[in-house]
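What follows is a set of notes on a single structure, which appears directly below.
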Amino acid sequence: MTDVLQDTKNGMQVCLDHLKAELKGIRAGRASPAFVEPVTVEAYGSQMKLKDMASISVPESRQLLVTPFDATNVQICAKAIDKANLGVSAVVEGKSIRVMFPELDQNRRKNLIEQCHKKREETKISIRNVRREQNEVLKKQKAAGTVPEDDVKRLEKQIQEQTDKSCKDADDLCAVKEKEISTV
């Protein structure tokens, strides 16, 4: 029985962790290395993450400095950043790449906030799917006679409480990101 509760918590935490990772990728006016971490570069005959090929630093609030560990990869790293269609410009400067973040206008801020809301709703759907799956597990256990009906009702209530808590956590994460985007 406690396995069902633990599986519920773990499943919902995975959903929230995914939301955190997705929100990191939404640019909020300030440069962050997390913004270019998902960029993949084809080098040495395989696809590699940019963060595994280069050091990424923030010299100014609206700039990233990407320095490949192997200087011969500067051009392919710059092309990969441009190809990722992140809305930033990558300029090669010797053995480094300077990634410039344009100033956010009001329309762009609004679009970013809409992206946050969309990702939050996708996360809530995933959380509800975890709830549905765990409730089905309980119903199967009840039908098999391994769990009494009183315990099923109690566990369903606890699963719903965990669902409500996880949905609130998703709302809170999105609210923080929305405030970050809105700050001029």
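The values are calculated or read from the model by the stated rules, or taken from the named source; none is laboratory data. Because the structure is a prediction, the values reported are computed rather than measured. Glycine gets a Cβ as well: all are built from the backbone with ideal geometry, and neighbour counts include every protein chain shown.
For the structure I just gave you, tell me whether LEU64 is surrounded by 21 or more Cβ atoms within 10 Å (Cβ to Cβ) and either touching a helix residue (DSSP H, G or I) at 6+ places or on another chain (Cβ under 6 Å) or farther than 20 Å from LYS177 by Cβ (or both). I'd like the intermediate steps shown before the answer.
Values: surrounded by 21 or more Cβ atoms within 10 Å (Cβ to Cβ): yes; either touching a helix residue (DSSP H, G or I) at 6+ places or on another chain (Cβ under 6 Å) or farther than 20 Å from LYS177 by Cβ (or both): no.
Taking the combined requirement at face value, the residue does not satisfy it.
Tell me which helices (runs of 4 or more DSSP H) are completely within region 1-99 and hold 1 or more residues being of a type in the set (S, T, N, Q), out of contact with any Pro (no Cβ under 7 Å at 6 or more places or on another chain) and under 30 Å from GLU149 (Cα atoms), or say none if there are none.
On the way: elements: 2-24, 50-53, 74-83.
Hits in region 1-99: 2-24.
Entry remark, region 24-69: residues being touching a residue at least 40 places away in the same chain (Cβ under 8 Å) and hydroxyl-bearing (Ser, Thr, Tyr) number 1 in total. VAL74 falls short on exactly one of the conditions (1) at pLDDT below 85; (2) touching a Lys or Arg at 6+ places or on another chain (Cβ under 9 Å); (3) over 30 Å from ALA175 (Cβ atoms), and that condition is (1). Scanning region 91-116 for residues that are touching a residue at least 60 places away in the same chain (Cβ under 8 Å) and either more than 27 Å from the chain's Cα centre (by Cα) or over 30 Å from ALA71 (Cβ atoms) (or both) yields a count of 7. When THR146 is tested against (1) without any contact (Cβ under 8 Å) to a residue 24 or more places away in the chain; (2) assigned to a helix (DSSP H, G or I); (3) over 17 Å from the mean Cα position of the chain (by Cα), just one condition goes unmet, and that condition is (2).
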